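K.L.:
I'd like to ask some things about the structure below.
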Amino acid sequence: MRLVYPPRGFTLLEMLVTVSILGILAVVAIPSLNNIVRENSVRQGASEIFSALMFARSEAVKRNTDIDVVPTSGNWANGWEIRISSPSQLLQSHSALPGDIASITVGTITYGQDGRLKNTPVSDLRFQIAATSGTATVRCVDVRISGAPVVRVDHNRDGNCGNG
């Protein structure tokens, strides 16, 4: 008596259909993945700025001295340093923001000994973090006169981020 085994493997036609379906799914999924990467870059950038401002504020109160948060080369997208104002002493240094983040145009921020902003007009303290391409949501880090930073999300992508 002879045993008959079913054929093993795939036919060429089955393999072509499978590869075609995978190709179609990849074409549909890749643009969505790119947008997710941009969203995460914007979220991470806002989070890093928020954390740095909270650190600077708490150090100003803890050390009972003025603390400066200074953008690298005048552009926050290049990174920033947190320093004791006088005598100048570096506390933290942050590298450039991730991904293709648009530049942020806020100057040096100084926290006083009480944790409040010092010599900084409030209207100038809105960081708008946005991807330079794609449709990622814009995030804003607003700094109140009390010195407390607040992160806001702009779902409309118009840069407004609600009321400051």
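K.L.:
For a quick check of your reading of the model, give me the residue pairs whose first member lies in the range 7-24 and is in a helix (DSSP H, G or I), whose second is modelled with pLDDT of 85 or more, with beta-carbon atoms closer than 9 Å and at least 6 apart or on different chains.
P.N.:
If the second residue must be modelled with pLDDT of 85 or more, no pairs are left.
K.L.:
Would you point out which residue out of F10, F50, F55 is of a type in the set (A, V, I, L, M, F, W, C) and surrounded by fewer than 13 Cβ atoms within 10 Å (Cβ to Cβ)? Full working, then the answer.
P.N.:
Details: F50 fails: surrounded by fewer than 13 Cβ atoms within 10 Å (Cβ to Cβ); F55 fails: surrounded by fewer than 13 Cβ atoms within 10 Å (Cβ to Cβ).
Just one listed residue meets the conditions, F10.
K.L.:
Identify, please: which residue in the range 58-89 is part of a helix (DSSP H, G or I) and among the charged types (D, E, K, R) and is, among those, surrounded by the most Cβ atoms within 10 Å (Cβ to Cβ)? Give the steps one after another, and end with the answer.
P.N.:
Looking only at the range 58-89, we keep the residues that are part of a helix (DSSP H, G or I), and these are 58-63, 72-74, 76-78.
Imposing the further condition that a residue be among the charged types (D, E, K, R) reduces the set to 59, 62-63.
Values: E59: 18, K62: 11, R63: 13.
The residue in question is E59.
K.L.:
Could you please give the count of residues in the range 48-68 that are among the basic types (K, R) and more than 15 Å from A148 (Cα to Cα)?
P.N.:
Taking the range 48-68 first, the residues among the basic types (K, R) are 57, 62-63.
From what is left, the residues that are more than 15 Å from A148 (Cα to Cα) are 62-63.
Residues flagged as among the basic types (K, R) and more than 15 Å from A148 (Cα to Cα) within the range 48-68 amount to 2.
The values are calculated or read from the model by the stated rules, or taken from the named source; none is laboratory data. It should be emphasised that the depicted structure is a prediction, and the values quoted were computed from it without experimental measurement. Here the Cβ is made from the backbone with ideal geometry for all residues, glycine too, and neighbour counts use every protein chain on show.
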